[in-house]
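Down below is the structure, laid out as structure tokens.
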Amino acid sequence: MSTTLRRCFIALDITPQARTALTSVLDEMHALRGADKRAAQVLSPVPAANLHLTLAFLGDIDDSAVDKLSMVLTAVASTQRPITNTQIDGMGWDGSARRPRLIYAPVSSGRDVFAFAGVLSRLCADLGIGKQEQSPYVPHITLARVDGNAGDPRSVGEWMTAYPPRSWGAIDGSAIVLYESRRDSRQYIPLLRAPLSG
């Protein structure tokens, strides 16, 4: 009998104001893809419904791990205060400006975010669930992926570096969400929403 595995992560949602503002950026990326053949080959904006702040990526876990983690997350969330004073500002990227791999909106003023991500990482490690990240945690909202192997990403880099600085809004720090990422549909399914009520 095969075990069903779910690709999961723990996240915070963003406020409706931030989602509206960032959706306008995604629309601009789609317009760039339509106007520039090179950009169309390499730039993949995320669906607006998928905008979120990842706190912990778990990878593929089975249903028993999902159940165990759901119980523990509910208990932990009940002891944590809502996360406030977070701001989504500007635009950043992984890779170089000439050859970006990922375009994102950085999350600033996030001491509470860093601390809570650390709590969740240790919790998952203690439960033997998920992947232990080797690189330091950088809170951000992923906006697009750039596949430099599919073509020349320079026009994307030029658009990105010329983008004027602005503030997009805030994180909705009222609840943590355990999401399943469906590989076949680019869809994120909430498996648990646990209010931060401590």
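Tally up the residues in the range 166-195 that are over 16 Å from the mean Cα position of the chain (by Cα) and modelled with pLDDT under 90, please.
Summing the residues that are over 16 Å from the mean Cα position of the chain (by Cα) and modelled with pLDDT under 90 in the range 166-195 gives 2.
Would you check if residue 187 is of a type in the set (S, T, N, Q) and over 30 Å from residue 36 (Cα atoms)?
When the stated conditions are applied, residue 187 does not pass them.
Go through the range 96-131 residue by residue and tally those that are under 22 Å from residue 77 (Cβ atoms), out of contact with any strand residue (DSSP E or B) (no Cβ under 6 Å at 6 or more places or on another chain) and surrounded by fewer than 19 Cβ atoms within 10 Å (Cβ to Cβ).
Of the residues in that region, 11 qualify.
Exactly one of these conditions fails for residue 49: (1) crowded, with 16+ Cβ neighbours inside 10 Å; (2) within 16 Å of residue 11 (Cα to Cα). Give me its number.
Every condition holds for residue 49 apart from (1).
Looking at the range 1-18, which of the residues that are part of a helix (DSSP H, G or I) and either touching a residue at least 60 places away in the same chain (Cβ under 8 Å) or hydroxyl-bearing (Ser, Thr, Tyr) (or both) is farthest from residue 103 (Cα to Cα)?
17
Surrounded by fewer than 15 Cβ atoms within 10 Å (Cβ to Cβ), of a type outside the set (Ser, Thr, Tyr), within 19 Å of the chain's Cα centre (by Cα) and part of a helix (DSSP H, G or I), is that true of residue 67?
Here the answer is no, as residue 67 does not meet what is asked.
If you take the residues of the range 99-109 that are free of Cβ contacts under 8 Å to residues at least 60 places away in the same chain and closer than 13 Å to residue 137 by Cα, which of them is farthest from the chain's Cα centre (by Cα)?
108
Within the range 85-94, track down each residue that is modelled with pLDDT of 90 or more and either surrounded by fewer than 14 Cβ atoms within 10 Å (Cβ to Cβ) or under 18 Å from residue 45 (Cβ atoms) (or both).
Those that are modelled with pLDDT of 90 or more and either surrounded by fewer than 14 Cβ atoms within 10 Å (Cβ to Cβ) or under 18 Å from residue 45 (Cβ atoms) (or both): 88, 90, 91, 92, 93, 94.
Scan 197, 174, 135, 155 and give me the residue that is out of contact with any Pro (no Cβ under 9 Å at 6 or more places or on another chain), surrounded by fewer than 17 Cβ atoms within 10 Å (Cβ to Cβ), at negative phi and not basic (Lys, Arg).
Going through 197, 174, 135, 155 in turn, just one is out of contact with any Pro (no Cβ under 9 Å at 6 or more places or on another chain), surrounded by fewer than 17 Cβ atoms within 10 Å (Cβ to Cβ), at negative phi and not basic (Lys, Arg): 135.
The conditions are (1) of a type outside the set (Val, Ile, Thr); (2) within 24 Å of residue 170 (Cβ to Cβ); (3) surrounded by fewer than 13 Cβ atoms within 10 Å (Cβ to Cβ); (4) modelled with pLDDT under 95, and residue 24 fails exactly one of them. Which is it?
Here residue 24 meets the rest and fails (4).
Quickly run through the range 102-148 and pick out the residues that are assigned to a helix (DSSP H, G or I) and modelled with pLDDT under 85.
111, 148
Before we move on, is residue 40 hydrophobic (A, V, I, L, M, F, W, C), farther than 17 Å from residue 186 by Cα, part of a helix (DSSP H, G or I) and without any contact (Cβ under 8 Å) to a residue 60 or more places away in the chain?
Yes.
Would you pick out the residues in the range 143-198 that are charged (D, E, K, R) and out of contact with any strand residue (DSSP E or B) (no Cβ under 6 Å at 6 or more places or on another chain)?
Going through the range 143-198, the residues charged (D, E, K, R) turn out to be 145, 147, 152, 154, 158, 166, 172, 180, 182-184, 186, 193.
147, 152, 154, 158, 166, 182, 183, 184, 186 - these are the residues of the range 143-198 that are charged (D, E, K, R) and out of contact with any strand residue (DSSP E or B) (no Cβ under 6 Å at 6 or more places or on another chain).
Of (1) within 14 Å of the chain's Cα centre (by Cα); (2) modelled with pLDDT under 95, residue 36 satisfies all except one. Which?
Answer for residue 36: the failing condition is (1).
The values are calculated or read from the model by the stated rules, or taken from the named source; none is laboratory data. Given the structure is predicted, the values throughout are model-derived calculations rather than measurements. We place every Cβ from the backbone using ideal geometry, glycine too, and count neighbours over all the protein chains shown.
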